[in-house]
Structures are given as C-alpha cells and as structure tokens.
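Report on the following structure.
The values are calculated or read from the model by the stated rules, or taken from the named source; none is laboratory data. Keep in mind that this is a model prediction, so the values were computed, not measured. Because the Cβ atoms are built from the backbone with ideal geometry, glycine has one as well, and the counts that use them run over all protein chains shown.
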Amino acid sequence: MKKEEIQRKIIDAVKRVKAENPMAPSMTNNVTINLVANAQLAVGGSAAMTYLDDEAEALGGMSDGFYINMGTMMPVYRDTFVKAAKFLSENGKKWVLDPVGVGMGDVRMDILRRMKDYKPAIVRANASEVMALSALWGAEEEGSAATARGVDSTDTVDAAEQAAVSLARLIGGAVEVSGEVDLITDGKTVVRSYGGSKYMEMITGAGCSLGGVTAVYACVADPFTAAVTAANVYNLAGRAADGEVQGPGSFQVRFLDHLYMAGPEDVAANPFDVKEL
Amino acid sequence: MKKEEIQRKIIDAVKRVKAENPMAPSMTNNVTINLVANAQLAVGGSAAMTYLDDEAEALGGMSDGFYINMGTMMPVYRDTFVKAAKFLSENGKKWVLDPVGVGMGDVRMDILRRMKDYKPAIVRANASEVMALSALWGAEEEGSAATARGVDSTDTVDAAEQAAVSLARLIGGAVEVSGEVDLITDGKTVVRSYGGSKYMEMITGAGCSLGGVTAVYACVADPFTAAVTAANVYNLAGRAADGEVQGPGSFQVRFLDHLYMAGPEDVAANPFDVKEL
Amino acid sequence: MKKEEIQRKIIDAVKRVKAENPMAPSMTNNVTINLVANAQLAVGGSAAMTYLDDEAEALGGMSDGFYINMGTMMPVYRDTFVKAAKFLSENGKKWVLDPVGVGMGDVRMDILRRMKDYKPAIVRANASEVMALSALWGAEEEGSAATARGVDSTDTVDAAEQAAVSLARLIGGAVEVSGEVDLITDGKTVVRSYGGSKYMEMITGAGCSLGGVTAVYACVADPFTAAVTAANVYNLAGRAADGEVQGPGSFQVRFLDHLYMAGPEDVAANPFDVKEL
C-alpha cells in the first residue's frame, strides 16, 4: 500500500470518529481504566466498561469495535473474557487484545490459550508481549529466530518484527507493537510511526489507552488503518505535550488535550515509514 | 418555593459541607471512582468507597448520605447493592441512585427491580435513564406520553420532565436530570440550572461525580436542596473552567479547582429558573 | 543514628531507584490505584497491580518490595491478601501494609488478625490506624496510654508515637505515621519529617500513594530508610506544588511533576528531626 493511500484512510478514520462518536466497549484493567475512557472520549469516541459476559454481549452487539486488556486479572475474568471473545469473534466484531503480562500466572495463561479459538482483529502490545503471544499461539514458522528468543523487557520493536508479521498473518488482522518507535503490520505491509515522548514511560496507561483508542478507530476502519491511525495520533499528541511540560503529571493532562485537538490532516502528517514485505 | 428561599438553602448547604466535611460513602463504578472521590473532597466533603454489604452498613450507619452508582457491574453487586439499599432505606438514610445502563443486562435489571422496595431519596441520571427507570418502576400515570417513548440517547431533558416529576413523586424525594440544562424536581417544584461546558461530555465521570457530590450535600440538606446545590456548583465550576482550557485533560483539572474555590454565595448565584407545578 | 547518616542513606536510596527502576507490585484499592502507580513511576520505580494470589507470588518473587493496601475490600481479598502476606513474609520480602479502615467490617478485621503471623516490614497509616493496629496485634505494653485510647480521626501523630514505637518493635521493621507532620520510627530512632500541603487532605490517595512509593524505596533500602525517604520526597513535592496552584485538581498534577523532579540531595535536604529513644 502506498503511503498516500494510508494517509487518505487515516484522514477518513479520524473524520468519521469525530463525526459519529462510535462506542468501543472495554473489559480492561482497573489501574488505567479511567485513562482508557478519557483517551477514547478525547479522540471523539465513546466508552463503556464492563466485567460481565452478558453485558459484553449486549455492548458488543451495539458496536463494531471492542477492547480486551488483561492487565489486572480478577477471578470473574476466567469466564467473562473468553465468553466475550467468543461472542465477538463469532459475530464478526473487530476486537483488540492487549495481552498484558502474557506468561505470568495460571489464570492469565489459561485464558490466552482458550482465546486462540476466537482471534482478535488487532493485537496491541509491547515487543516482548508480541513475541510471547506469537510463540504461545504457534504463529511462527519452524526455526524462526523469534521463536527461540525468550520474553525480556529489553526486547526492541525491531526484534519483534518477524513475530508481529507472523502473528498478524495468523489472526488475519493487524499487530501494533509499541515502543520508542511503533511498528504496525497486517502481515503484508509494515509501518513505523515516529514521535511520542519519554514521559509516556513515566505515566501508567499510555499503552492501555492506545489499545482503547485503536478499538475506537476499528469501529470505522479496517484493523490495519485503525492501528496506524491510533499510533500516529499518540505519537503526535505525545510529542506536542512533551515540549510543554516539566513532569509526568502535566504530561498526562496536556497529552489528553492534544489528543482532542489533533485534526485529521495532522494525524495523517505525523511522520511514518512504509515497507512492503 | 420562591427562588430566594432556594438560594438561602443552597448557601446553608454549601457552608455546612465546608464546615462539617460530611462523609458520603459510595458503591460506585471503577471507571470514575477516583473522580467521584476527588469531587466530593473538592466541595468539602469526605469519601469512602466499598464493595461489601457489611461495610456498606457500617459506613452507611455513620452518615446521612450514600451514593450507589451502577456503572460497572460485578457479580458481587447482585447481593451487595440490594442489601445496602435495604439497610439505607430502612434506616432513613438519604441515598442517591445513579441507574447507569438501566435496560442493559440481566444482573443490572434484576437489581433495579428489587431496589424498588428500598427507594432512594434522589435519582441522578440523564434523560433517557430517568425515563427508563420511571417506566420500570411504574411511576407514570396510565397513558402518559413518556411511558410509550423508548430509551434513546437523543432524549432531551425537556422530554424527561414528566417522567422526572412522576418518579420524584413515587420515591417521595428528588430527581436530577443531567443534560445541557439540568432539571431538578421534587414533584412539586421544577428547577432548571444553567452553565457547564461542552467538555463535560468529553471527560468520563462528570455525571457520576455529580451523583457523589449530591450525596455529600444530602448529608446536610433535604433531597431537593441537595440536588439543586450540586447541579449549581457543577454548572458554575464547569463554565469557569471552560474559558481557561484548550482540551478535556486541562478541563478536568481546572474543574476540580473551581469546585473547591466556589463559595456559598457563588453557588446560590449560578443562573437557575424555578417553576411551580 | 545521626542525621548525616540518615541523609547519606536517603541520597543512596533515591539514586538507586532512579538508576534501577525497581518494581514494587501492589494489591491496592480501586479508588486510588492509578495515583499509586503514577507516583511510583514518578519517583523512578515501576508498578504492577494484581488481585490474585498466584500473581502476587509470581510478582513478589521478582521484587524485594511489595505494597498491600486494604482500602476497598472485595470478597476475593479474604484469601488473596493473607496468601500474599504469607508468601512475602516467608520469602523475606519487605512488604508495606496500609491497614485502611482497621476496625471496620468483618472481612477486613479477619484478614488483619490473620496477617499478624506474616508481619510486614513497614506499616504506613494515619495516627488512628496505627493505634488501632498496634492494639489489635497486642504490640503495646500493659497499661500504656495508647492501648486505652479509642480510634478517633482527631488523633494526632504525637499521640500515636508510643503505639508506633511498640508496633515497630513488634514487626521488627518501621512504622510511618502520616499527618501534618510525618513520624517514622524503627523502635529505636524517631524521625519527624516536615513540609507537605493542605491540599494533600483534599485529594484522594496521598496516603495510599505514599505507601506505594515507600515500597519502591524498600526495594533498595532498609525499612526505616525507605520510610524516611518516602516521607521526605512527599513533603518536598507537596510544599513545592502548594505554592503554584489554586486548588486540588492542579495540586495533584504539579505534585506528580515535583515527585519526578526531586533529586537525591533535594530529598535528603527536606527538613526533618531525629530523636534517639
């Protein structure tokens, strides 16, 4: 896909979200649940959070996007997460998975294994998590380098490129790897999006809320466009806020302001590279 | 009631809260739980949140106001919400109900139906929710227009006036309908309070925290005065913050500052109309 | 211990946290969970919250500090809190207990009684809570004044000094009493740390997040040093933010900024007194 075509799709996605205020419901972690909702509202979407499977179905039925984040597991999630994923998958909804903490704890691993049957349209995670999920779901070709590499917080986005491509092909959607540079792929095209701020590592929820905003764009766009649009608006707003503040408290405030102020052309013009595989 | 009399009662409520720091405990949703507590503190009250019925009784016994918000249902609430409502009702406590999502999901509807036996002193909701709860509890006279109308997010505050009046009469308390203009009624008098900001729709929890602040004023005032006072301080602080900010991140910060800075006379002087039925 | 020696240890603790970004996992309340994480990140640490006992063990095994805050009890905590405390105690981890609401409700009291067998390295609480926990765990000598005194929100830090000293000796660690002046003791030395802001009482979570930050410093320092360092950085950042703001909304934002900006020497230079027992 040409860069110009991607930019046209970004402009369309940003415009439609601002005009239609689509609701992307979430089952998400309690640490950053407020920031997820506020970021979704700031870009023009609407938010609704739930813990119960019957509500996930009710809410999921009203929307084309949905966000599941595994940050703070509670016993109730053992049932509700998988039931929600099943409903969303069987009804053709574009749901976004943030596999926080993949590799840690029995409840979490059991859920992730069972979710493989009800694949998300988009996976949003850091490099280590993408590599771990790709391995858990057996996405990678025999003998690929990434399969052998362990989960390590020092993994870089570049190191996760092959795992991301394989995972995107497995789910038939898009994978969004967050880091100093963000990498987005649908298994055919790889985008690298630039910008952001060092403060994004110093507030909790930059990644979680990016997942929620991705789900908002997924209400009006294909998975790959939704992920690139979300990464671009985050990098744009992060860089704009960075220059105005002295610390992480002010950064979060101004970051939300800039998410709100970013226009369609601004988001499309945020620096990004395109590579065809 | 004359406007001057209402204003005298508002001044008294704001003064007493600032002097006495009353605690209004809450069982409230996890998305906006932090903003509810911070708004209660900003106006001079004090906050305590719980999920357990034995704690709701312990906390409820120490306070005259209490806030129950149904935003993010969890399985434990099926028991705790109704037990708390029963205790509060039987002990003459002024509790505020925010029936978020009335009409959605079995757990929620079951709870709301059982709560009819333990009526709140104040219902705080948007127009559609007030109309739905009024219908669910059979508050309206046969053949009234509102009974036939469905729940629709485009319902206006004006469209909900009849439902609000009927519901206020049923519960023998006050109903507070939030919207561009806020409508408050005790079934005999209808107040419309003006002000606020477009940003209130772009942050999560403006409505929830208004419910929590209403419960704070209910500790020291009758339900109708508590609801009018809360609506007025929200409209005042919202308008003041609106002129100072560029986006929803800064708005929330300055809104809390202005909740704190609003004096008794300021709150009473916020524009509102009074209509006798 | 001489003041100069304490200051050298503070400088070392602040430097090591900024250099090593230690993770202090938490089981903490839902009202202030976001502020706890953001404060831990602001001083240079890293955060991870959980509700499940198997995850508390997995996370606790990766860290030397851990934070348990009893603010919003949920049924799941009856098991997970005590199991986590047992694991942490038996594995020599320095865990911080914030016994919010000690004295209220059966679930909470049952947990606190069972936790006595798995003692924390640090207790962080207000004066009334320290006195109540000291009495519950039988820390005080027969006939001491504090044993007889009831739990009262007007208890001052000075009134809790004897209870704090006894409790510190019982747990073999440190007790941190928060108030207008903060008192920290390991049972041999008593420090009083000065500064802060009136706004700390007007935001929710100043105390909770102090507990979380104490756990971060406990990853790299002994319990007494960790508690003094945390109290000092809070008093420093609170005083700095106080002069810049008009209300509690802005205060929280600037407080986080100043937590981030405080250097090792700044924290050590914050006013505090030392008394040997």
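Given the criteria under 17 Å from the mean Cα position of the chain (by Cα), in a helix (DSSP H, G or I) and either away from chain C (no Cβ under 14 Å) or over 22 Å from C:ASN29 (Cβ atoms) (or both), does B:ILE10 qualify?
yes
Which residue is nearest to the chain's Cα centre (by Cα), if the candidates are limited to region B:100-131 and must be surrounded by fewer than 17 Cβ atoms within 10 Å (Cβ to Cβ) and within 14 Å of chain A (Cβ to nearest Cβ)?
In this case the residue turns out to be B:MET109.
Among the residues that make up region B:60-70, is at least one of them at pLDDT below 95 and assigned to a helix (DSSP H, G or I)?
Yes: one or more hits.
Every residue in region A:17-61 that is at the interface with chain B (Cβ under 9 Å from one of its Cβ atoms) and hydrophobic (A, V, I, L, M, F, W, C), please.
A:ILE33, A:VAL36, A:ALA37, A:LEU41, A:ALA42, A:ALA47, A:ALA48, A:MET49, A:LEU52, A:ALA58, A:LEU59
Taking the residues in region C:192-202 that are within 17 Å of the chain's Cα centre (by Cα) and in a loop (DSSP other than H, G, I, E, B) as candidates, determine which candidate is surrounded by the most Cβ atoms within 10 Å (Cβ to Cβ).
That would be C:GLY196.
On the basis of being over 15 Å from the mean Cα position of the chain (by Cα), in contact (Cβ under 8 Å) with a residue 40 or more places away in the chain and in a loop (DSSP other than H, G, I, E, B), does B:GLY44 make the cut?
yes
What's the total number of residues in region B:52-70 that are surrounded by fewer than 24 Cβ atoms within 10 Å (Cβ to Cβ) and either within 24 Å of B:HIS258 (Cα to Cα) or aromatic (Phe, Trp, Tyr) (or both)?
The total comes to 0.
Taking B:ALA85, is it modelled with pLDDT of 95 or more, among the hydrophobic types (A, V, I, L, M, F, W, C) and under 30 Å from A:ASP79 (Cβ atoms)?
yes
Looking at this structure, is C:MET1 touching a residue at least 40 places away in the same chain (Cβ under 8 Å) and over 20 Å from C:SER193 (Cβ atoms)?
no
Being out of contact with any helix residue (DSSP H, G or I) (no Cβ under 6 Å at 6 or more places or on another chain) and either within 13 Å of chain B (Cβ to nearest Cβ) or surrounded by fewer than 24 Cβ atoms within 10 Å (Cβ to Cβ) (or both) is the filter here; which residues of region A:71-99 pass it?
If the condition is that a residue be out of contact with any helix residue (DSSP H, G or I) (no Cβ under 6 Å at 6 or more places or on another chain) and either within 13 Å of chain B (Cβ to nearest Cβ) or surrounded by fewer than 24 Cβ atoms within 10 Å (Cβ to Cβ) (or both), then A:GLY71, A:THR72, A:MET74, A:PRO75, A:VAL76, A:TYR77, A:ASP79, A:LYS86, A:SER89, A:GLU90, A:ASN91, A:GLY92 are the ones that fit.
Looking at A:ALA241, is it of a type in the set (A, V, I, L, M), within 30 Å of B:GLU244 (Cα to Cα), within 14 Å of another protein chain (Cβ to nearest Cβ) and part of a helix (DSSP H, G or I)?
yes
For region A:88-109, how many residues are in contact with a Lys or Arg (Cβ under 7 Å, 6 or more places away or on another chain), in a helix (DSSP H, G or I) and at pLDDT below 90?
1
Of these, A:VAL253, A:VAL216, A:VAL233, A:VAL267, which one is within 14 Å of chain C (Cβ to nearest Cβ), in a helix (DSSP H, G or I), of a type in the set (A, V, I, L, M) and surrounded by 24 or more Cβ atoms within 10 Å (Cβ to Cβ)?
Within the list A:VAL253, A:VAL216, A:VAL233, A:VAL267, the selection yields A:VAL253.
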